[in-house]
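For reference, the structure is listed below as structure tokens.
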């Protein structure tokens, strides 16, 4: 494959993605996780999805991010009016207080705060040996 062929193919794929989005498809969400002094912050941008359609769930050691898609024919989907679309998930780090996770939606961004637990400060405990 010559360079020009690759360049044309790359441009074609960009245009196909754009046309898919314009014609009712979806744009790819952006999810970034950063560590701060007292917590982790997950920032998610989900173009074209209203905050009312976003859903966050914690199951075991994973945090899932979904958005609900409305369906016209609920009979095809077990009588449900919406189906979940999985945007992505992260494995929750061991040093996160799972019960303290909070989320907010500001300036078209979903921010999920994962506060640290006592393990983040180098937890130490001496275990006595029974004799």
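Here are some notes:
- Segment 27-121: C-alpha pair distances exceeding 21 Å, %: 38
- FRET efficiency, residue 97 to residue 69 (Cβ-Cβ, R0 35 Å, nearest 0.05): 0.65
- If the segment from residue 36 to residue 131 were pulled out straight at 0.36 nm per residue, it would be longer than the present Cα-Cα gap by 29.8 nm.
- Put a dot 7 Å past the Cα of residue 52, heading toward its Cβ, do the same for residue 107, and the two dots end up 2.5 nm apart.
- Note on residue 123/residue 81: beta-carbon distance plugged into 1/(1 + (r/R0)^6) with R0 of 41 Å gives a FRET efficiency of 0.35.
Computed from the coordinates by the stated procedures, all read-outs in this text should not be read as laboratory data. Please read all numbers here as calculations on a predicted model, not as lab measurements. Positions of Cβ are generated from backbone atoms using ideal geometry, with glycine treated the same way; all protein chains shown enter the neighbour counts.
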